[in-house]
Amino acid sequence: MPSQLKVPDRVPIALLYNFFGAKYGGITCEEAMYDLDKLEAATRKAIVDFDIDLYNDPFGAISLGPMLEILDDKRVKWPGHGVPVDATYQYVEGEYMTADEYDAFINDPTDYVLRTHIPRVLGALEPLKMLPYLPGAYYLALDLLLPVPFAMPEFFLALEKLAKAGQESLKVFSKSAAFRQEMAGLGYPPMFGSVGWAPFDYIGDFYRGTRGVMLDMYQRPDKLLEAIDKITPVIIKGAIEMAQQSGILKCFIPLHKGLDGFMSPTQFNTFYWPSLKKLILTLIDRNICPIVLWEGDCTSRLETIADIPRGKAVYWFERTDMQRAKEVLDGQVCIMGLMPSSVLCTGSQQDVRDYCKRLIDVVGKGGGYILNGDIGIPDEAKPENVKAMIDFTKEYGVYK
Amino acid sequence: MNIVGQRFAKGEYFIPDLVFSGEILKGIVQKLEPKLKAAKGKEAKRLGKVIIGTVAGDIHDIGKDLVVFMLDVSGFEVTDLGIDVPAQKFVDAIKKTNSTVVELSGFLTLAFDSMKETVEAIKKAGLRDKVKIMIGGGQIDDYVKNYTGADAFGKDAMAGVSLAKKWVGGM
């Protein structure tokens, strides 16, 4: 394992595909999100043709069309539904939890999510707000109160839609399981089997929105910290359970709001890093390898984030200074990524080889580097550039 | 707000400081609005006109909105075309407003092609030498600038303002 900082035979190639596999296989993003068989064929081709070392299972991240549609998800625009058929799905920023709902969230996240958040963000499940406060319906009140909404036609319709979405979800899971098995037979291991979030991002991305969570750092810092404290063990539990269920002890943690410029060093050390570090350390303790995607430029954070056990995690970087990253993390944390999307999408094959050489010379020196695009392989990457990157790495990236 | 912009450019302030300053400013303007209306006709002179929008296919607006805010408080007259803006809409807006600066925003890699197409549409309409075009967004660098045919790229909101000031002053 390169994450253990041993020197491998050559620089490993782990390419995260989002819609690149679909586009390479000649299908639209819309087809990829709705047609499991077409996505399977396209992804297989993109893994086998490029013969990469580690792949990501595409189904859970892409085959979402039927569920988004049936559940009427208000937070996402997807191909053919708000964005062009050949564009990736995109998150609609919003304050999906208002500032005055912090207490409800902190006091009982499950109740808040079930009766306030879900009815707000999933149109088809709006009737869930008819449910009684469940811990308040105890002993005989349970018999009396709980069944009431189920007698209402609109609630019943919501349950039917939920069941329909569930059938679609099951198809995705069974396709995914069969695909993993097939890939294992062909000798391709998966990159990760679990996903986790920085608790600050969890609150900021899904509930308060970017603007909301940024204002909260000034206007209600105690509430924000309380919510982070409350949700951290929940995120840790979810990430561990998902890894154990999948049997793949690697957890992907994409980060969004802690990068340079997005908060001050003091804010990073107060709101962002402590809870994220707790997630990373707990995963390591459970023998799960965290693969942390530090999006944007995190050069100023390097000294702080180096403080984790040696040889147990992968730090995936986008625009962080490669030289500084190697200097600070060498012998401590395995580095991944750094191949710019701009070069893969707009550069020449020679540009790709030149950049790749720098990466292998600087970051690959002495091991501890896994090749990947800075945010994975961009959907619009030129296939000939991806091929040039792989061919060059397989030749030049050999450790002698 | 000038001080906020300067501190941001110097690395003393960060994006949350911009957002919070904006919130404070909004509160002040709301309080002052009745008096400002009474004193109308004395509108401050604007530095120049800028058109901005997130290019076709991309619906991200946080970065663009920050640039709009900083341009506005820096004294520019800003036409914000919103998100997922087709190339032709930029062309129409240049004709309508006579703006000399166009700023194309994009967060996703699909924006590279949309930016290129927008620059080409402006060229085709015969307006390329009338405007300076900058691009911005998390993935943008010199490779993308060269690919799209834009004049420059801005790393953050204040870089976008500095470029616009330089261009307006020079034209």
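The values are calculated or read from the model by the stated rules, or taken from the named source; none is laboratory data. Since this is a predicted model, take the numbers as computed values, not measurements. FYI the Cβ positions are ideal-geometry reconstructions off the backbone, even for glycines, and counts take in every protein chain you see. In case anyone asks, the SASA skips ligands and DNA or RNA and just uses the protein heavy atoms, side chains included. Shrake-Rupley method; radii C 1.70, N 1.55, O 1.52, S 1.80 Å.
Data overview
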item	result
Members of segment A:306-328 found to be more than 14 Å from chain B (Cβ to nearest Cβ) and either polar (S, T, N, Q) or crowded, with 23+ Cβ neighbours inside 10 Å (or both), listed by number	A:A313, A:V314, A:Y315, A:W316, A:Q323, A:A325
B:L66, sole failed condition from (1) in a strand (DSSP E or B); (2) touching a residue at least 60 places away in the same chain (Cβ under 8 Å)	(1)
Residues satisfying the stated conditions in segment A:359-390, i.e. surrounded by fewer than 20 Cβ atoms within 10 Å (Cβ to Cβ), within 14 Å of chain B (Cβ to nearest Cβ) and acidic (D, E)	none
Leading residue by the ranking (farthest from A:V314 (Cα to Cα)) among those in segment A:3-46 that are open to solvent by 10 Å² or more (accessible area, probe 1.4 Å) and among the small types (G, A, S)	A:G26
Boolean, A:L128 is assigned to a helix (DSSP H, G or I), assigned by TED's automatic domain parsing to the domain that holds A:Y102 and open to solvent by less than 90 Å² (accessible area, probe 1.4 Å)	yes
Cross-chain or 6+ apart pairs with Cβ under 6 Å, segment A:103-129 first and free of Cβ contacts under 8 Å to residues at least 40 places away in the same chain, then among the acidic types (D, E)	A:P119/A:E126; A:P127/A:E154
Unmet requirement for A:V398, which otherwise passes all of (1) in contact with a helix residue (DSSP H, G or I) (Cβ under 9 Å, 6 or more places away or on another chain); (2) more than 14 Å from chain B (Cβ to nearest Cβ); (3) on the phi < 0 side of the Ramachandran plot	(1)
Where B:A121 falls short, out of the listed (1) touching a strand residue (DSSP E or B) at 6+ places or on another chain (Cβ under 9 Å); (2) more than 10 Å from chain A (Cβ to nearest Cβ)	(1)
Residue in segment B:138-153 that is open to solvent by 30 Å² or more (accessible area, probe 1.4 Å) and away from chain A (no Cβ under 14 Å) present	yes
Number of positions in segment A:66-98 that are assigned to a loop (DSSP other than H, G, I, E, B), under 27 Å from A:G26 (Cβ atoms) and of a type in the set (S, T, N, Q)	1
Count - residues of segment B:40-91 that are in contact with a strand residue (DSSP E or B) (Cβ under 9 Å, 6 or more places away or on another chain), away from every other protein chain (no Cβ under 14 Å) and open to solvent by 50 Å² or more (accessible area, probe 1.4 Å)	7
Complete set of residues in segment A:335-357 that are closer than 25 Å to A:I305 by Cβ, facing chain B (nearest Cβ under 8 Å) and part of a loop (DSSP other than H, G, I, E, B)	A:P340
Which listed residue, of A:D285, A:D354, is surrounded by fewer than 17 Cβ atoms within 10 Å (Cβ to Cβ), under 22 Å from B:T109 (Cα atoms) and without any contact (Cβ under 8 Å) to a residue 24 or more places away in the chain	A:D354
Total residues in segment A:85-102, condition under 30 Å from B:A56 (Cβ atoms), open to solvent by 50 Å² or more (accessible area, probe 1.4 Å) and without any contact (Cβ under 8 Å) to a residue 40 or more places away in the chain	0
Matching helices (runs of 4 or more DSSP H) fully within segment B:70-151 where at least 1 residues are within 26 Å of A:M339 (Cα to Cα) and in contact with a Leu (Cβ under 7 Å, 6 or more places away or on another chain)	B:111-124
Within segment A:131-168, tally of residues that are open to solvent by less than 60 Å² (accessible area, probe 1.4 Å) and in contact (Cβ under 8 Å) with a residue 12 or more places away in the chain	8
Residues being in contact (Cβ under 8 Å) with a residue 60 or more places away in the chain and either buried (at least 17 other Cβ atoms within 10 Å of the Cβ) or within 14 Å of chain B (Cβ to nearest Cβ) (or both) - total across segment A:231-240	1
Residue list for segment A:358-400, restricted to those being within 17 Å of A:F317 (Cα to Cα) and in a helix (DSSP H, G or I)	A:R358, A:L359, A:I360, A:D361, A:V362
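Condition check ((1) assigned to a helix (DSSP H, G or I); (2) touching a residue at least 24 places away in the same chain (Cβ under 8 Å); (3) open to solvent by 20 Å² or more (accessible area, probe 1.4 Å); (4) closer than 24 Å to A:D49 by Cα) across all residues:
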| position | (1), (2), (3), (4) |
| --- | --- |
| A:L170 | yes, no, yes, no |
| A:G185 | yes, no, yes, yes |
| A:Y188 | no, yes, yes, yes |
| A:F192 | no, yes, yes, yes |
| A:I203 | yes, yes, no, no |
| A:R208 | yes, yes, no, no |
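Every residue, every condition in (1) within 14 Å of chain B (Cβ to nearest Cβ); (2) under 30 Å from A:A42 (Cα atoms); (3) in contact (Cβ under 8 Å) with a residue 40 or more places away in the chain, yes or no:
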{"residue": "A:K175", "(1), (2), (3)": "no, yes, yes"}
{"residue": "A:F179", "(1), (2), (3)": "no, yes, yes"}
{"residue": "A:L225", "(1), (2), (3)": "no, no, yes"}
{"residue": "A:D229", "(1), (2), (3)": "no, no, yes"}
{"residue": "A:M242", "(1), (2), (3)": "no, yes, yes"}
{"residue": "A:L255", "(1), (2), (3)": "yes, yes, yes"}
{"residue": "A:G258", "(1), (2), (3)": "yes, no, yes"}
{"residue": "A:P265", "(1), (2), (3)": "yes, no, no"}
